[in-house]
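Student: Following this message is one structure expressed as structure tokens.
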Amino acid sequence: MKKVVFLLAALLLTLSVGAVQEPHVKFMGIPMNGVATTFEKKIIAKGLVADTDYNSQKTITAHRFYGQFMGHDATVFIYFNSKNKKVYQAKVVFEEYDSIAMGKLYLEMVEKMRDENGNSFADEGEQNGHPNYSIYLKKYPEDKRYRASRSLGHIDIFRIDNPEGAKLYTLHIDYVDKLNYELNEIVMKGGNINTKKKKKH
């Protein structure tokens with residue numbers, strides 16, 4: 001009898017451990033851990049407005065939204081896998097018609113991202129002649145140095161001047177969830193997600 005009780009307890013422990021969900025990158029305070037329809041309902045509840053005409057296209061793998069992000073008008077794109085519909089990336093795009101204004105907006109967003117993600121690793125570089133800023137989010141708060149295998153994902157902040165010949169400046173903030181991004185790559189290459197999960201255990 002004791003042996004049966006022990007086995008049942010061990011089984012329940014195994015199930016409870018298996019039920020623990022992996023942490024994910026958060027966008028607007030919402031974990032990027034579900035399918036696009038569920039995730040998008042949550043960002044709409046936060047005040048974003050869906051571009052229904054654009055989003056009704058059957059061949060796209062990103063949906064477009066409009067609204068305020070950190071106090072500024074922005075366009076938001078939610079990227080998802082075309083097969084399992086899992087969200088793996090969110091992109092925020094700001095537009096300015098003045099280079100100086102765009103430079104100030106970049107510095108403002110970098111400061112806000114630093115404040116919001118202070119317990120993370122950061123790296124500043126250059127892209128297209130302008131500074132860019134990356135934040136690598138910790139999966140484990142106790143980590144003292146960056147390791148890709150122990151990262152939740154990353155946030156990239158960068159600008160693009162005159163995209164597609166337009167006389168404007170755009171600032172991009174990309175939120176990338178590492179786990180779902182990697183699973184997206186596997187699915188798109190015809191791989192099996194379940195196999196990937198088993199290998200991790």
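Student: Which trypsin sites (Lys or Arg not before Pro) in the range 79-131 sit in a loop by DSSP (not H, G, I, E or B) and have at most 12 other Cβ atoms within 10 Å of their own Cβ? Don't skip to the answer; put the middle values down first.
Tutor: Working: sites: Lys83, Lys85, Lys86, Lys91, Lys104, Lys112, Arg114; in loops: Lys83, Lys85.
Passing both the DSSP loop test and the Cβ count: Lys83.
Student: Round to the nearest 0.05 the FRET efficiency obtained for Tyr140 and Lys41 when R0 = 22 Å and r is the Cβ-Cβ distance.
Tutor: Efficiency at R0 = 22 Å is approximately 0.15.
Student: May I ask you to list the trypsin sites (Lys or Arg not before Pro) in the range 126-164 that are in a DSSP loop and have at most 14 other Cβ atoms within 10 Å of their Cβ?
Tutor: Sparse-neighbourhood loop trypsin sites (Lys or Arg not before Pro): Lys144, Arg145, Arg147.
Student: Rank Thr75, Thr170, Thr37 by accessible area, highest first, at a 1.4 Å probe radius?
Tutor: The most accessible residue leads, giving Thr37, Thr75, Thr170.
Student: Using each residue's phi in the range 127-133, evaluate 6.51 cos²θ - 1.76 cosθ + 1.60 at θ = phi - 60° and report the 3J(HN,Hα) Karplus result to the nearest Hz, with x for Gly and Pro.
Tutor: Computed from phi, the couplings for the range 127-133 are 8, 6, x, 10, x, 10, 10 Hz.
Student: Count the lysine pairs in the range 51-119 whose Cα atoms sit under 23 Å apart, keeping only pairs 8 or more residues apart in sequence or on different chains.
Tutor: Within the range 51-119, the lysine pair count is 8.
Student: Taking all pairs of different Cα atoms in the range 8-149, averaging 1/r and flipping that mean, what Kirkwood radius in angstroms comes out? Mind showing how you got there, number by number?
Tutor: Values: mean 1/r = 0.0562 Å⁻¹.
With all distinct Cα pairs of the range 8-149 included, I get 17.8 Å.
Student: I'd like the FRET efficiency for Asp51 and Met188, computed as 1/(1 + (r/R0)^6) with the beta carbon distance as r and R0 of 25 Å, rounded to 0.05. Mind showing how you got there, number by number?
Tutor: Values: r = 24 Å, r/R0 = 0.97.
Once rounded, the FRET efficiency stands at 0.55.
Student: Would you please calculate the Kirkwood hydrodynamic radius of the range 76-186 over all C-alpha pairs and express it in Å, rounded to one decimal?
Tutor: Roughly 15.2 Å, rounded to one decimal.
Student: When all C-alpha to C-alpha distances in the range 74-115 are sorted into bins of 5 Å, what percent of pairs does each bin hold, rounded to whole numbers?
Tutor: So the P(r) values, bin by bin, are 6, 18, 18, 19, 15, 10, 9, 5, 1.
The values are calculated or read from the model by the stated rules, or taken from the named source; none is laboratory data. Fair warning: this is a prediction, and the values are worked out from it, not measured in the lab. Methodologically, a virtual Cβ is constructed for each residue, glycine included, from the backbone with ideal geometry; neighbour enumeration extends over all protein chains shown. To get the accessible areas, we keep the full protein, side chains included, count just its heavy atoms, and leave off ligands, DNA and RNA. Shrake-Rupley method; radii C 1.70, N 1.55, O 1.52, S 1.80 Å.
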